[in-house]
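Heads up, the thing below is written out as structure tokens.
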Amino acid sequence: MQIQILTAPAASNTFTVQGAPLLLTPAFAAIAIGSTASGIIAEAIPVAAGDKILLYVSLTAASPIAAVAGFVSAGINIV
């Protein structure tokens with residue numbers, strides 16, 4: 001699984017990928033109920049007042065899993 005940050009200017013709905021994808025570990029060959037994955041990455045992504053920020057979670061192409069249902073929790077520090 002991976003997480004990607006995308007941003008769009010305030011007056012636009014066109015999002016652009018920012019930074020490198022965060023690959024979560026462990027990589028799953030199979031998922032059992034209660035399985036978790038995590039990761040952390042330091043990024044310096046410039047944003048302006050009013051910019052839209054989208055957090056996109058997806059399976060990597062190498063994943064043997066077709067779909068995952070669950071919850072994502074993330075923190076973004078804007079300074």
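The values are calculated or read from the model by the stated rules, or taken from the named source; none is laboratory data. Treat the numbers as computed from the prediction; the structure is a model and nothing was measured. Positions of Cβ are generated from backbone atoms using ideal geometry, with glycine treated the same way; all protein chains shown enter the neighbour counts.
Here are the numbers:
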quantity: Hits in region 14-32 (condition: at pLDDT 90 or above and in a loop (DSSP other than H, G, I, E, B)); calculated: 14, 15
quantity: Qualifying position, being assigned to a loop (DSSP other than H, G, I, E, B), surrounded by 11 or more Cβ atoms within 10 Å (Cβ to Cβ) and without any contact (Cβ under 8 Å) to a residue 24 or more places away in the chain, among 73, 35; calculated: 35
quantity: Given (1) among the hydrophobic types (A, V, I, L, M, F, W, C); (2) modelled with pLDDT of 85 or more; (3) within 12 Å of the chain's Cα centre (by Cα), number of the condition residue 11 does not satisfy; calculated: (3)
quantity: Unmet requirement for residue 42, which otherwise passes all of (1) free of Cβ contacts under 8 Å to residues at least 12 places away in the same chain; (2) farther than 23 Å from residue 70 by Cα; (3) touching a Pro at 6+ places or on another chain (Cβ under 9 Å); calculated: (3)
